[in-house]
Every structure is written in C-alpha cells, then in structure tokens.
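Read the structure below first, then the notes.
The values are calculated or read from the model by the stated rules, or taken from the named source; none is laboratory data. The structure presented is a predicted model; accordingly, all values stated were derived computationally and were not measured. In this analysis, Cβ positions are derived from the backbone assuming ideal geometry, glycine residues included, and neighbour counts consider all displayed protein chains. Ligands, DNA and RNA are excluded from the accessible area calculation, which covers all protein heavy atoms including side chains. Shrake-Rupley method; radii C 1.70, N 1.55, O 1.52, S 1.80 Å.
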Amino acid sequence: MENGFAEALRRYREAKGLSRADVASLVGLDASYIHRLEKSNRRPSRKAVLAMADALDLNDETVSTWLFAAGYGPLPISTEVNAAGDSPTIETAAHPAHRGASKTTAARQRAKLEAIGFEHGALNRLAQAVDVSSIKQRKRISAIVSAMLHTITDSLETRISRAVIPAAGRSYGGAMSSQTKQRLLIRAIAEAVGCGIHEIVLVLAPQMDNFFFTPLKEAFEITGVGLVNLRFCTQASPSGLGDAILTAEPLVGKQPFAVLLPDDVINSNTARSTTTQQLRFMIDAFQKVPGSNLVAVTPVSKRKMAKYGVAEIGEGPAIDGSLTIRKLIEKPDQTHSIISSPNALGIVGRYLLQPEVFDVLRNLRKQRPASLELTAALEVIREKDGGTRAFPLRGARRDVGEMFEQATEALG
C-alpha cells in the first residue's frame with residue numbers, strides 16, 4: 001500500500017493522543033518531518049522507522065507492521081534454536097528496545113507473520129536459512145512459512161494465479177553464478193507470491209533441472225512452502241522470449257497469466273513503492289481491461305532503446321493507469337523513428353497476458369523460425385483489436401544480465 005506507513009503513523013499518534021510535535025520530541029526529529037511523513041511526501045529510512053519504534057516503545061508486531069508499510073522487510077527470522085528445542089525466534093537485535101527479548105513460540109510467530117503480510121525479503125531470508133541451517137533447523141521454520149503463505153494466498157487471491165519465469169535465455173546466463181541466478185529467481189518468485197500467485201512455471205535450459213531446479217524445489221519443500229506449486233519446462237535453445245512463453249503453454253493452460261523476467265529489476269525513483277506493490281497495481285489495472293494484455297513500461301534512455309522492446313504510447317484514454325499503445329517493436333534500429341518519439345518508453349520484464357497469445361505465437365513461429373519475440377505477438381494483437389495496453393511502472397529499469405555482461409567484459 002503506497003500510503004501505508006503514513007496511515008499507520010497517524011493512527012498511532014491519534015490513538016495515543018499525541019500531536020506531531022509530541023512525536024517529533026520523543027523521536028528527536030523535526031515536527032515538519034513528521035508532518036511530511038503523514039502526508040506521504042517523505043518515506044522514512046529503515047533506520048528512522050526503527051528509531052521511532054525505539055522511542056515510542058512499540059511491540060514486535062507493530063514494529064514489523066510499520067516496516068512492511070514503509071516498504072521494508074519485517075524483523076528478520078532467526079534460525080537459532082534454544083536448548084529446549086523451541087521454534088526459531090523473530091530476531092530483534094537490530095532494534096535496541098527489543099534486545100534480549102525472550103524466545104517466542106511458533107504460535108506467536110505465526111500471528112506476527114499473518115499481521116505483517118509478505119514481502120520478497122522473507123523468501124530471500126528463507127533462502128539464506130536453507131544455505132546455512134541444518135535439516136533439523138530448516139524444518140523448524142516450516143510451520144511459520146506455511147502459515148504465512150496461507151495468509152498471503154487467502155487474502156491476495158486474484159484472477160492471475162499462474163506466472164511464467166523464463167530462466168533459459170542468454171542474458172540470464174553469462175557470467176552469473178548459480179547462486180546469483182537462484183537468488184534472482186527467488187526474488188521473482190517472491191514477487192509473484194506476494195501478489196497472490198501460487199502456480200510458478202520456470203522455463204529452463206536443458207540440464208538446468210538437475211543442478212538448478214531440483215535444489216530449489218527441495219529447498220521449498222524442506223521448509224514447508226507447500227502452497228507454492230513450483231514446476232518447470234525445458235526450452236531447447238534460447239530462441240526468443242516468445243518461444244520461452246510458448247514452451248510453457250502446457251503448464252499454463254487456458255487462463256490469464258503473468259510473465260516475470262528475473263533479471264529485470266526496477267529501482268523505484270519515488271522510494272515509496274516496492275516492485276511487488278507495483279505488480280499488484282498492474283494486476284488491478286489488468287482486471288479493469290478484460291480481454292487485453294498489459295505490458296509494463298518505464299522511461300529508458302534513447303541510446304539504450306535498441307537493446308530492449310519499445311512501446312510508443314498513443315493518445316487514447318487511460319483506464320485505471322493503463323495506456324493505449326500506438327506501436328510496439330523489439331530492439332529497434334537506432335535509425336528507427338520510434339527512437340526519436342517523445343512518447344516512446346522501454347518495455348520492462350513484467351507482462352500480464354491472455355491465453356490467446358499462444359495462438360498468435362504459434363502463427364508467428366511458422367513465419368519466423370529463427371527467433372520468436374513476445375513483443376511481435378503483442379503488436380499483432382494490438383493491430384488487430386487494440387488488445388495490448390501499457391502500464392507505466394515507477395522507477396528506473398536495471399537489467400542485471402546486461403550489468404553482468406559489462407562486468408565480464410571489463411574483467412576480461
């Protein structure tokens with residue numbers, strides 16, 4: 001929720017009968033800063049949230065709720081086990097007011113996680129726990145994670161229940177280590193799950209299932225994350241994003257689905273909206289344009305447009321944040337007129353698609369066997385009935401694959 005922290009702070013202050021000046025005095029901040037926080041004109045740093053929590057003597061539940069509302073991960077899960085063999089605790093060492101807090105029971109932890117919702121940091125911490133913990137310790141967080149994901153899928157269920165995450169392309173390979181690829185995948189999976197999506201289809205290169213998919217799935221299973229149905233299909237060779245999507249058709253079926261490219265990351269320039277929250281907004285907009293496909297877009301420098309898909313925005317009316325598109329093209333030549341268009345935006349690796357896209361991709365593959373691009377299929381649909389729209393994301397695109405390739409060239 002974009003204004004979640006502002007609302008949480010205001011409600012707490014009013015419930016305690018405090019003025020903004022009172023809160024500022026307790027925390028050691030300026031009253032105008034508190035005013036800007038409540039008006040959503042500023043986003044506090046994680047350090048500032050913890051400082052306010054310390055000064056206001058908030059309990060663990062409230063601290064984690066405030067952190068999540070401000071766009072940060074909650075107080076992290078510790079994998080330490082006490083001598084009595086109790087379940088792991090919510091680690092509070094980062095917050096001075098909670099140093100030395102007693103071990104909490106599994107029931108209390110479940111209640112906390114249900115209260116704070118979900119954010120991709122939780123699965124990142126889960127992956128770290130799997131890396132460093134024994135099997136016995138991993139199993140001890142099973143009930144907590146399962147309860148958390150039950151809460152997520154129950155409260156955030158949408159008409160988008162499946163996501164395709166391509167991980168076989170050249171840009172996703174390159175110089176990245178297996179661990180880095182796995183963490184990017186976990187980030188994308190967490191983003192999908194945070195939006196109520198629980199059917200995840202990974203598109204992998206040949207042999208990746210042995211050294212890549214199997215350890216990842218075992219990590220999910222051993223920690224009890226049973227609500228995430230993780231499956232994979234194999235793309236014989238990197239023949240374009242459209243080919244990867246078409247490969248996943250048997251596992252997707254005839255229903256709308258999401259596509260998330262793990263090496264496409266958005267750095268928010270407003271500092272008030274996480275990638276998961278933006279995808280939720282995109283899903284909300286998708287439900288307001290039934291029968292249409294949505295393509296995420298963001299400003300990209302003109303010199304880089306030739307590396308990506310480009311969408312030229314049209315003049316039609318906006319519908320719940322989605323915009324009409326005049327033209328879509330994949331990796332246009334630098335001399336192409338779309339590059340100089342003031343309405344040209346770069347396509348980001350987030351798509352919400354109708355199942356009819358599979359038929360279009362099949363027809364295109366007959367015409368273009370060498371490389372099959374999703375952008376070309378979406379342009380065919382746009383030309384036919386205007387069924388492809390753009391959804392602007394807030395932030396700058398960061399192509400992790402490109403950064404690794406640049407780093408490899410520099411080191412070489």
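Could you report the range 18-77's accessible area per residue, 1.4 Å probe, as an integer in Å²?
Result: 43 Å² of accessible area for each residue.
Between ASN210 and LYS254, what FRET efficiency follows from the Cβ-Cβ distance if R0 is 30 Å, with the result rounded to 0.05?
Working from the Cβ atoms, E equals 0.45.
Taking 30 Å as R0, compute the FRET efficiency from the Cβ-Cβ separation of GLU7 and ALA318 and round it to 0.05.
0.70
Between ARG362 and ALA15, what FRET efficiency follows from the Cβ-Cβ distance if R0 is 60 Å, with the result rounded to 0.05?
Using R0 = 60 Å, I get an efficiency of 0.55.
Would you mind telling me the share, in percent, of accessible area of the range 1-60 contributed by carbon and sulfur at probe 1.4 angstrom?
46 percent
Modelling each spin label as a point 7 Å along the Cα-to-Cβ direction, I'd like the SER341/LYS288 distance in nm, to one decimal.
Taking the simple label geometry, SER341 and LYS288 are separated by 2.3 nm.
Roughly what would the spin-label model give for ARG303 and ALA31, points 7 Å off Cα along C-beta, in nm?
5.0 nm
Of the peptides 59-69, 345-355, 12-22, how do they stack up when ordered by the mean number of other Cβ atoms within 10 Å, highest first?
345-355, 59-69, 12-22
Roughly speaking, to the nearest percent, how much of the range 250-361's 1.4 Å accessible area is carbon and sulfur? Kindly include the intermediate steps, with their values, before the conclusion.
Working: 2430 of 4430 Å².
The computed percentage sits at 55.
From the phi of every residue in the range 13-29, what ³J(HN,Hα) in whole Hz does the Karplus formula 6.51 cos²θ - 1.76 cosθ + 1.60 yield, where θ is phi - 60° and glycine or proline is x?
The phi angles translate into 4, 5, 5, 8, x, 9, 8, 4, 5, 4, 5, 4, 5, 5, 8, x, 10 Hz.
Going through the cross-link list LYS254/LYS384; LYS307/LYS384; LYS16/LYS47, which pairs have a Cα-Cα distance over 28 Å in this structure?
On the way: LYS254/LYS384 20 Å; LYS307/LYS384 26 Å; LYS16/LYS47 23 Å.
Checking Cα-Cα distances, every pair stays at or under 28 Å.
Give me the Kirkwood hydrodynamic radius of the range 285-374, using the inverse of the mean 1/r over all pairs of distinct Cα atoms, in Å to one decimal.
14.2 Å
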